[in-house]
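Since the structure comes first, as structure tokens, the remarks are kept for the end.
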Amino acid sequence: MPEPQNRGSGIFCCAVGRLAGCAAAPAPARRAVAARAGGHRRSSIPQVGGRCGGEFASCATRTTGVQLTELGTHLAFVGTQQWGPGVDRLRVGVVGVGVQGQLHARALRDVRQAELVAVADVSQQNREWAETHLGVRAVPDVVDLLDQVDAVSICTPDHLHEDATLAALAAGKRVLLEKPMALSRASCDRIIAGRPDPDALMIGHVLRFDPRVRRLREVVRSGELGDIWHVKVWRCTSQAVGEGIWDRTSVAWFLGIHDADLLRFVTGREVEVTGAVGRKVLSPSHDVVHATVRFDDGAIGTMENNWTLPHSRPSRADAGLRIVGEHGILEMNLSHNDLLYAHRGGAASFMDTYFWPSRDGGGAYNLRSELEAFVDAALTGGPTPVSGEEGRAAVTVVEDIEAALAGDPPPGN
């Protein structure tokens, strides 16, 4: 089958534009909320932050819900909830059907509370592919599908995030925005300013939905490790990953954004970049970057990112996290190397079973968990699983790394 062009173009997924039950919501959303609230059974959904029954209908309580969402605890409920009579599925659109956009579209078909109804892409070939292989309407621009959807997930190339997100937010849609949120803290600030409310926007930091990451975070934040002394995080991929995109992005933005968020999410500490070195060996931008950071409690850390591994390496990713503390060490392997597939007489490769594998018949993987959390929050009017402020914080780290590589002072907070 023909492959879509522009591997960085993405998918635009759309959810309810306002908090459920709020007066500012568009009339169709208010009617859907009324139907959901009226038929909701108190026993059918575990109590999350006390939001249930009438409280759900009136958007009355959120404080504990924010805490549970932050911890990822609510994910235990996703996929097991029994929605009340009259609940509509969330109508979702996808803008840009490049590699990441295809992954979103396919994963959305496994989310039973969501319905993929349309995609948008500037490429006619990509639109034809989507109509043929996804069976949905395809339009050239995001504004052409906003009247058909309830919410949006944006996976366009990074430099196009701001305009597409602001258009969707202005139309009252709930937005899932792929990371990096933007390419500067200034752009992040404009996106945040365009939210009708904080819960209208979710940033797609997929590692937050990895069960290994959540377990490690739980141990670190329990204090069991004691004082954290130093941290090492690394994410290295094949040269094939960088080819085709390194003329418009860098390894720090493409890979380092994961680790910038991972360090903050796991430790609960703020991160300051203290220096960075890089080398250009394959592309116009830095292909290898080593950065040093300091946490606000005095711990130090290093970040390593590159896309220089040979094509012949069986696993396309070498990634992990090591945290050394007062009482011990925690190590986590985040590589795609848990399932080896060796062809008789051919090459061997490792198959991804965590991040965004292609599956028929569902299954639990990180991208699907991320999308389920987004859809769940949109349908219940719940708090966003990953806020715009969290996305901005990760962007700040990478922007400061890029400034250090250029020999410039950090842009400032």
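The values are calculated or read from the model by the stated rules, or taken from the named source; none is laboratory data. If you're wondering where the values come from, they're calculated on a predicted model, not measured in any experiment. Cβ: placed from backbone, ideal geometry, glycine included. Neighbour counts: every protein chain shown. SASA here: full protein model, heavy atoms, side chains in, ligands and nucleic acids out. Shrake-Rupley method; radii C 1.70, N 1.55, O 1.52, S 1.80 Å.
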For Leu176, residues with placed amide H under 5 Å, excluding near neighbours | Cys13, Val152, Ser153, Ile154, Met202
Note the full-extension length gain between Asp163 and Ile329 as 0.36 nm times their separation in residues minus their Cα-Cα distance, in nm to one decimal.
-> 55.4 nm
Other-chain or far-sequence residues with amide H under 5 Å of Val386's (modelled H) | Ile203
From most to least accessible, 1.4 Å probe, no ligand or DNA/RNA atoms counted, Tyr365, Tyr354 line up as Tyr354, Tyr365
Does a label point 7 Å from the Cα of Val219, set along Cα-to-beta-carbon, have any residues of region 303-342 with amide nitrogen under 11 Å, and which are they?
-> 322-325, 328-333
Sorted by chain and then number, the residues having a modelled amide H within less than 5 Å of the amide H of Gly98, at least 5 places away or on another chain, are Ser9, Gly10
Note, region 133-147: 3J(HN,Hα) by Karplus (6.51, -1.76, 1.60, θ = phi - 60°), whole Hz, Gly/Pro = x, goes 9, 9, x, 10, 5, 10, 10, x, 9, 4, 5, 7, 10, 5, 7
Based on the mean of other beta carbon atoms within 10 Å per residue, what is the order of 131-137, 112-118, 326-332, 162-168, most packed first?
-> 162-168, 112-118, 131-137, 326-332
HN-Hα J in Hz across region 178-191 - Karplus 6.51, -1.76, 1.60, θ = phi - 60°, x for Gly and Pro = 4, 7, x, 3, 7, 9, 6, 5, 5, 5, 4, 4, 5, 5
Label model pair Tyr341, Thr353: point-to-point distance (7 angstrom along the Cα→beta-carbon line) in nm is 1.3
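Between Ala406 and Arg294, 0.36 nm times their residue separation minus their Cα-Cα distance comes to what?
Between Ala406 and Arg294, full extension yields 38.4 nm more.
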Starting from one equal scatterer on each C-alpha and no solvent at all, send me the Debye-based log10 I(q)/I(0) for region 138-233 at q = 0.14, 0.15, 0.18, 0.25 Å⁻¹, two decimals.
-> -0.64, -0.70, -0.85, -1.24
